[in-house]
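Below you'll find the structure, written out as structure tokens, and then a few comments.
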Amino acid sequence: MSQPPEDSAPHSTGPPDRQTLRLLERHFASDSLVAETAFDPDPYEPRLLTGYLNTEQYPDSVTAARLDIRWFTTGDFSVHYVEEQEDEELWECRWDRHPNTHNTRLHFHEPPTATEVTNLELPSLHPLEVYSTVLTAIELRIERLWSNR
């Protein structure tokens with residue numbers, strides 16, 4: 001597979017990569033952790049893919065969980081994980097690759113608020129590898145939630 005193209009502009013993520021969003025949606029649809037998927041604004045011109053996670057796999061303290069994915073033709077992306085807690089608090093984190101002034105292009109917004117940012121290294125930037133990395137992190141999060149009960 002070829003490498004993502006270089007930046008189209010220094011501070012631009014470029015247009016949505018609809019083909020990649022559809023590929024990721026197919027993988028979501030076959031994952032037991034994902035209850036439902038949705039494209040925004042619609043499946044014909046998707047800009048955002050949301051995977052609503054199966055809260056039956058979480059302790060009762062988690063009332064909802066989702067994964068919002070934006071992927072761009074430049075190879076930039078944003079993968080945002082959000083848990084809603086029964087006390088109405090949010091627990092969230094985000095894997096990002098985009099031009100910015102706060103960190104390296106590839107970085108991670110740390111949980112629980114996604115405000116602290118650290119540089120990130122991934123073994124591959126292929127969408128399915130990023131997807132696998134994120135789903136593994138979510139599975140570990142669920143395991144920790146159960147063990148801390």
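Each reported figure results from applying straightforward, stated rules to the coordinates on display, with no laboratory input. This structure is a prediction, so every number in the text was calculated from the model and none was measured. Cβ coordinates were reconstructed from backbone atoms using ideal geometry, including for glycine residues, and neighbour counts include every protein chain displayed.
This ranking places His27, His102, His107 by how few other beta-carbon atoms lie within 10 Å of each, fewest first, which gives His102, His27, His107.
Among Thr101, Thr20, Thr118, the largest mean-square fluctuation in a Gaussian network model of the chain (Cα springs under 10 Å) belongs to Thr101. Considering only Ser61, Ser132, Ser30, the Gaussian network model of the chain with Cα springs below 10 Å gives its largest mean-square fluctuation to Ser30.
Only DSSP H runs of four or more residues enter the estimate; each adds -39500 (n - 2.57), and after division by the residues of the chain the mean residue ellipticity at 222 nm equals -7500 deg cm²/dmol. Apply the Debye scattering formula to segment 106-149, with a single equal point scatterer on each alpha-carbon and no solvent, then give log10 I(q)/I(0) at q = 0.17, 0.32 Å⁻¹. With no solvent term, the Cα-only Debye profile gives -0.59, -1.07. Modelled spin-label separation between Glu139 and Leu125, with each label point placed 7 Å from Cα along the Cα-to-Cβ direction: 2.6 nm. For segment 45-138, the spherically averaged projection of the C-alpha convex hull amounts to 6.7 nm².
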